[in-house]
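Please read the structure below before turning to the comments.
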């Protein structure tokens, strides 16, 4: 299992992933990008400045539970304020989350992950400068929230997950959730040393 560490001389944050692990990360972040962009996709052939100044974003909370978790209501007791806040912020927040997830994908591919993983024993070495490592950290948080939402993970329900048989697909998906949590934890530790 991979872990992030800080290289003593260069100060970069490093990790080595098996080809399977790197491909799994690419898949998870790719699915996140797809969800974020498909929900927000619109045809925009306006002037770039006009598009930048357009605050006609969504005003209602997303129906998808993952998106609702990623973009919670800012003012649960004030519908009007919540709608205005969402209208002015959700578009740029979506773009930022999609860019962060895309950075993970681009970094893995730049490190040698092929478009189709066919080679057994492939190892992918990732070296991140601190700003890029922080981007990965944000993306890990988003992936974990997405997985937790899809699985129905709740605080204090560990016994339920550990009681599932190993061959249960939910147990396997929860293992992935825990693996991403482990990566996130080791990345936080590497950044703090």
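The values are calculated or read from the model by the stated rules, or taken from the named source; none is laboratory data. Remember, it's a predicted structure, so these values are computed and weren't measured experimentally. Every residue, glycine as well, gets a Cβ built from its backbone with ideal geometry; the counts of neighbours run over all protein chains shown.
Numbers for the structure displayed
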item: Subset of region 165-181 [surrounded by 15 or more Cβ atoms within 10 Å (Cβ to Cβ) and more than 28 Å from residue 137 (Cα to Cα)]; result: none
item: Boolean, residue 133 is part of a helix (DSSP H, G or I), touching a strand residue (DSSP E or B) at 6+ places or on another chain (Cβ under 9 Å) and within 21 Å of residue 181 (Cα to Cα); result: yes
item: Set 108, 128, 137, 151: member being within 12 Å of the chain's Cα centre (by Cα) and at pLDDT 95 or above; result: 137
item: Options 114, 72; residue that is surrounded by fewer than 14 Cβ atoms within 10 Å (Cβ to Cβ), under 22 Å from the mean Cα position of the chain (by Cα) and closer than 30 Å to residue 16 by Cβ; result: 114
item: Residue selected from region 9-29 under the condition part of a loop (DSSP other than H, G, I, E, B) and in contact with a helix residue (DSSP H, G or I) (Cβ under 9 Å, 6 or more places away or on another chain), by the criterion surrounded by the most Cβ atoms within 10 Å (Cβ to Cβ); result: 12
